[in-house]
Amino acid sequence: MVQNIITGRIIKEKRGLFTCESEKGMIMSRAASRFRNTGIAPVAGDEVLLSDNGDGTGFITEILPRRNYFLRPHIANVDSFLIVITSANPSPDLYVIDKLSCVALNGGAEPVFVVNKNDLSGGDWLAQIYRKCGFKVFQTVANSGQGTEELSNYASGKISVLCGASGVGKSSLINALCPGVAAETGDISDRIGRGKNTTRHTELFPIRGGGYIVDSPGFSLLDISEALNAPPEELAGLFPEFENYIYNCRYRGCTHTKDEGCAVVAASIRGEIPRSRLDSYNALYSELSKHRWSK
Ligand code: GDP
Ligand code: ZN
């Protein structure tokens, strides 16, 4: 019998069973055992070749080339990180936010900022920090839908990871962007289990206009520090707003951590680079310097 080979996108991975979206609809697939031996196993987000058994089941035979790969959440082919932040309730931890942005850029995904709870004061201030650095910023009120259409237009056709602290409104945004998905929202105290991320499965939620959003509950500081796998001298390259200045530093190989002759520090003193960004850079630089890097 000639096998019917088709392409599919893995939208869910759970205990060795892969839900693949394809021209033939959803196909529940197992993967060839040789993937286990090669160390490259299929993950959510992967484009794959699979043999279609014709009864809603299939078998993954090939993983098509990936544009990138992240461990937490466990996913491939990410176009963007939607970093959800709020001016209050919870108040923003700019260091964690800036680190997330570096994780995205380091992995070849675009960090964009979603200032949610924009009905609270302080949203414009927060948005301004990131606009000034050249990032895309959306301002939303997830539970009324305000501003979510612009975000939906941006995310359409892409795979986006939704991340941010617990309580910023990630579930509310999923409900606004993904019709038919009922993500559980509520006060943090009502659903303690969710943030613990005890299950390892990753799921892509289809959004209006094509594309997917991946929820990454409980993105803890520890997870992020594992994820930012870069030597300190590459860190400045993950702060795009430094780019116009780094060639004007007095010393070649300037680390931008001391003010002597540093054009980045000078730009921050003039207010051209947000102070909080330089603070995050310094903290990350010393954190990354503690690792020992091998080529
Ligand atoms: P998650 O933990 O990031 O998934 O956050 P949720 O979506 O569960 O939202 C946490 C709480 O904030 C819920 O009580 C939501 O109703 C509320 N919330 C979400 N978005 C907004 C918003 O734009 N404005 C306001 N005032 N509250 C919001
Ligand atoms: Zn410098």
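Suppose only helical runs count, i.e. DSSP H with n ≥ 4. What mean residue ellipticity at 222 nm does that imply for the chain under -39500 (n - 2.57) per run, divided by all residues and rounded to the nearest 500 deg cm²/dmol?
Result for the chain: -7000 deg cm²/dmol, rounded to the nearest 500.
Looking only at LYS12, LYS132, LYS170, which one moves most when the chain is put into a Gaussian network model with springs between Cα atoms under 10 Å?
LYS132
So what's the net charge close to THR61: Lys and Arg +1, Asp and Glu -1, counting the other residues with Cβ under 13 Å from its Cβ?
-2
How large is the convex hull of the Cα atoms of segment 73-112 per residue, expressed in Å³ as a whole number?
With only Cα atoms used, segment 73-112 gives 67 Å³ per residue.
State which entries of LYS99/LYS258; LYS12/LYS136; LYS170/LYS258 exceed 31 angstrom in Cα-Cα distance in the structure shown.
From LYS99/LYS258; LYS12/LYS136; LYS170/LYS258, over 31 Å: LYS170/LYS258.
Quick one: net charge of CYS133's neighbours, Cβ under 9 Å, K/R +1, D/E -1?
+2
What does DSSP give for the chain in terms of the percent of beta bridges that are antiparallel, rounded to the nearest 5?
Counting only bridges with both partners in the chain, antiparallel ones make up about 60 percent.
Straight distance only, please: which lysines reach the Cα of LYS14 with their own Cα at less than 19 Å, same-chain residues fewer than 8 apart left out?
Partners within reach: LYS196.
So if each residue of separation counts as 0.36 nm, and I subtract the Cα-Cα distance between ALA41 and SER276, what length gain in nm does that give?
Going from the current span to full extension adds 80.7 nm.
Hey, any idea what the orientation-averaged projected area of the convex hull of the chain's Cα atoms comes to, in nm²?
Average projection, Cα convex hull of the chain: 17.5 nm².
So for the pair LYS132, ARG15, with labels modelled 7 Å out along Cα→Cβ, what separation do we get in nm?
5.1 nm
Normalised radius of gyration for segment 1-138, please: alpha carbon Rg relative to 2.2 N^0.38 Å, two decimal places.
Against the compact-globule rule of thumb, the ratio is 1.37.
At a threshold of 8 angstrom on Cα-Cα distance, excluding pairs fewer than six apart, so keeping six or more, what relative contact order does segment 6-82 reach in percent?
Across segment 6-82, relative contact order equals 27 percent.
What Cys residues in the chain are without a partner cysteine, judged by a Cβ distance under 4.7 Å?
When partners are defined as cysteine Cβ atoms under 4.7 Å apart, the chain leaves CYS20, CYS102, CYS133, CYS163, CYS178, CYS262 without one.
Sum up the charges of everything whose Cβ sits under 13 Å from the Cβ of GLU150, counting Lys and Arg as +1 and Asp and Glu as -1, but leave GLU150 out.
+1
All of the numbers you see were taken from the coordinates with simple rules; none came from a lab. Just so it is clear, the model here is predicted, and its values are computed rather than measured. For neighbour counting, all protein chains shown are included, and Cβ atoms are generated from backbone atoms with ideal geometry for every residue, glycine included.
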